[in-house]
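Beneath this line is the structure, given in structure tokens, with notes to follow.
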Amino acid sequence: MARVRVVAADRTQIEATVDRRDPSAVEVVLDPRRDGRYLALMFHWREGERTYGVSVWIEPLASPQVVLPFQGPDFAEAVDAAADWFDGTDYHGRDGTWAARTLRELAELRPK
């Protein structure tokens, strides 16, 4: 699991994580704080469809709050689609522009 120091939307230093231990799923926790600022994404490979799906969580250990409409076989496109979806929005009180920028900054999360 990769840990990356980032500046949160509220300008606090936090640690985002990128977990690639499961080859069929990449979990990205942009904001790990469990005080109402938690934000995580899961990029999961759908073998039967041969495409990535993207889910978004705003509460740990809950069901995803949204499953993005993206479908495609390219992981980089899935990351870009998620960033585009967040960009310029206020998603459940979270700064979508910050989420989009931070997700794009985590370029090393792309599978090798």
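Taking the range 96-112 as the search range and keeping residues that are at pLDDT below 90 and within 18 Å of Ala8 (Cβ to Cβ), which one is most open to solvent (accessible area, probe 1.4 Å)?
My answer is Glu105.
Please count how many residues of the range 74-90 are over 15 Å from Met42 (Cα atoms) and modelled with pLDDT of 90 or more.
2
What are the residue pairs meeting all of these: first residue in the range 5-16, first residue in contact (Cβ under 8 Å) with a residue 60 or more places away in the chain and farther than 12 Å from Tyr38 by Cα, second residue surrounded by 13 or more Cβ atoms within 10 Å (Cβ to Cβ) and among the hydroxyl-bearing types (Ser, Thr, Tyr), Cβ atoms under 9 Å, and 6 or more apart or on different chains?
Close Cβ pairs satisfying both conditions: Val6/Thr102.
Restricted to the range 33-58, and to residues that are open to solvent by 60 Å² or more (accessible area, probe 1.4 Å) and in contact (Cβ under 8 Å) with a residue 24 or more places away in the chain, which residue is farthest from Met1 (Cα to Cα)?
Ranking the candidates gives Arg37 first.
Name the residue, out of Leu68, Leu61, Leu30, that is open to solvent by 80 Å² or more (accessible area, probe 1.4 Å) and either at pLDDT 90 or above or aliphatic (A, V, I, L, M) (or both).
That would be Leu61, the only listed residue that is open to solvent by 80 Å² or more (accessible area, probe 1.4 Å) and either at pLDDT 90 or above or aliphatic (A, V, I, L, M) (or both).
Inside the range 10-26, can you point out the residues that are over 28 Å from Asp74 (Cα atoms) and open to solvent by 20 Å² or more (accessible area, probe 1.4 Å)?
Matches in the range 10-26: Asp10, Arg11, Thr12, Gln13.
Quick check on my filter: what residues within the range 58-78 are within 15 Å of Val28 (Cα to Cα) and of a type in the set (D, E, K, R)?
Glu59
The values are calculated or read from the model by the stated rules, or taken from the named source; none is laboratory data. What you are looking at is a predicted structure, and each value in this text was computed from that prediction instead of being measured. As a convention, Cβ positions derive from the backbone with ideal geometry for all residues, glycine included, and neighbour counts pool all protein chains shown. Please note that ligands, DNA and RNA were not included when accessible areas were found on the heavy atoms of the full protein model with its side chains. Shrake-Rupley method; radii C 1.70, N 1.55, O 1.52, S 1.80 Å.
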